[in-house]
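Colleague: My structure is below; once you've seen it, I'll send some questions.
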Amino acid sequence: MVEKKQTKKPINGQNSPKPRQNNKAKRKQADDKSARIKKAQKIRKLFTWTILIGIVVGILVFLCKSKMFNICNIEITGNAQITGETLLQLSGIDINDNIFLARTIKAKNKINENPYVKEVNIKRELPDKIKIEVIEKQKAFMLQVEEGYVYVDKYGDVLEISENRLENLI
């Protein structure tokens, strides 16, 4: 008769080397799986952001290159002493420039350099119109000097030196 060897069976997996190895393997598999999921999520996020940035760049290129947004009309209001041509030249904005590429802040600063300009506002009116609104300083006083006459506003700012005398000023 063959004798059977009795082996001790661990209770609930205690003192068993195989279950520990299995637990380590399972943990490693779980870690690998979570790492793959995180990597896939990062790739998905990167792909999504790349697509969104591409769409935004495409829209910007369309807006800047489309003839639909070329300036067809420049409206200047509030000017009495400064001609519209002078203001237009100072602004540097031209007909057929793209409305989004027009440098309105630079134009505003250049127009403000004129001594007659008290305030200027430049607005874009889509799709093809620029509005330049000017508030001018008014001549209040005239001072006679050797070269002619100096015209000054009510705050004492020199507006113009001219050889011509205006009759309606003090």
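Colleague: If each residue of separation counts as 0.36 nm, what is the full-extension length gain between L126 and L52 once their alpha-carbon separation is subtracted?
Modeller: Working: separation 74, 0.36 × 74 = 26.64 nm, distance 2.47 nm.
My answer for the length gained is 24.2 nm.
Colleague: With all protein chains present, how much of the accessible area of the stretch 67-170 (probe radius 1.4 Å) comes from carbon and sulfur, to the nearest whole percent?
Modeller: Reported share for carbon and sulfur atoms: 49 percent.
Colleague: Which longest uninterrupted range of the chain lacks any chymotrypsin sites (Phe, Trp or Tyr not before Pro) assigned by DSSP to a loop state (not H, G, I, E or B) and surrounded by at most 15 other Cβ atoms within 10 Å? Before the final figure, lay out the partial values.
Modeller: Working: sites that count: F100, Y155.
That would be 1-99.
Colleague: Still on this structure: Running Debye on the chain with equal point scatterers at the Cα sites and no solvent, what base-10 log of I(q)/I(0) appears at q = 0.14, 0.18 Å⁻¹?
Modeller: Log10 of I(q)/I(0), two decimals: -0.90, -1.10.
Colleague: Cut-off 18 Å, label point 7 angstrom out along Cα-to-Cβ of D97: give me the residues of the stretch 53-76 whose amide nitrogen falls inside.
Modeller: Correct set: 63-76.
Colleague: Give me a comma-separated list of calculated 3J(HN,Hα) values for the stretch 144-158, in order, Karplus coefficients 6.51, -1.76, 1.60 applied at θ = phi - 60°, integers in Hz, x for any Gly or Pro.
Modeller: For the stretch 144-158, the Karplus-derived couplings read 8, 10, 4, 6, x, 10, 10, 9, 10, 8, 5, 9, x, 7, 6 Hz, x marking Gly and Pro.
Colleague: Dipole magnitude of the chain about its Cα centre, charges +1 at Lys/Arg Cβ and -1 at Asp/Glu Cβ only, in debye to the nearest 20? Walk me through the numbers on the way to the answer.
Modeller: Working: 32 positive and 20 negative charges, 886 e Å.
Magnitude of the dipole: close to 4260 debye.
Colleague: Also, I was wondering about something else. Which is the longest part of the chain that has none of the GluC sites (Glu not before Pro) sitting in a DSSP loop with at most 11 other Cβ atoms within 10 Å?
Modeller: Longest run free of exposed loop sites: 4-112.
Colleague: Past 23 Å, Cα to Cα: identify those pairs from K67/K118; K118/K139; K110/K139; K106/K137; K106/K129, in the order given.
Modeller: Listed pairs above 23 Å: K67/K118.
Colleague: Also: Helices from the chain with mean Kyte-Doolittle at least -1.0 and a Cα length along the axis of 20 Å or more, per DSSP H: which?
Modeller: Result, helices passing both filters: 17-65.
The values are calculated or read from the model by the stated rules, or taken from the named source; none is laboratory data. These figures come from a predicted structure and were not determined experimentally. Every residue, glycine as well, gets a Cβ built from its backbone with ideal geometry; the counts of neighbours run over all protein chains shown. When the accessible area is computed, the model is the full protein with side chains, heavy atoms only, and any ligands, DNA or RNA have been set aside. Shrake-Rupley method; radii C 1.70, N 1.55, O 1.52, S 1.80 Å.
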